[in-house]
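Q: Structure incoming, see below.
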């Protein structure tokens, strides 16, 4: 699944090739003009986000996401001692 920013970049490249403007389609939810200028100034060709320095996120594991989606499910795995 594409992120919103990546989807906007793909759409932007497509619309530029068609000679249309992006703002005419997405109103307030599109990339700012400055972001678009920076993107083209850097001659970016890919729609992927650049990698960033620093520690990678460790909280976004499948197990942690499942716990957030179904919090009671993890409780049912351990029956209470009565």
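Read-outs throughout are calculated quantities, based only on the coordinates presented, and are distinct from any laboratory measurement. As the structure is a prediction and not an experimental result, all values here were calculated from the model.
Q: Full-extension gain between residue 33 and residue 13, please, as 0.36 nm times their residue separation minus the C-alpha to C-alpha distance.
A: Computed gain between residue 33 and residue 13 is 5.8 nm.
Q: For residue 67 and residue 5 in one chain, what is 0.36 nm times their gap in residues minus the Cα-Cα distance, to one decimal in nm?
A: 19.6 nm
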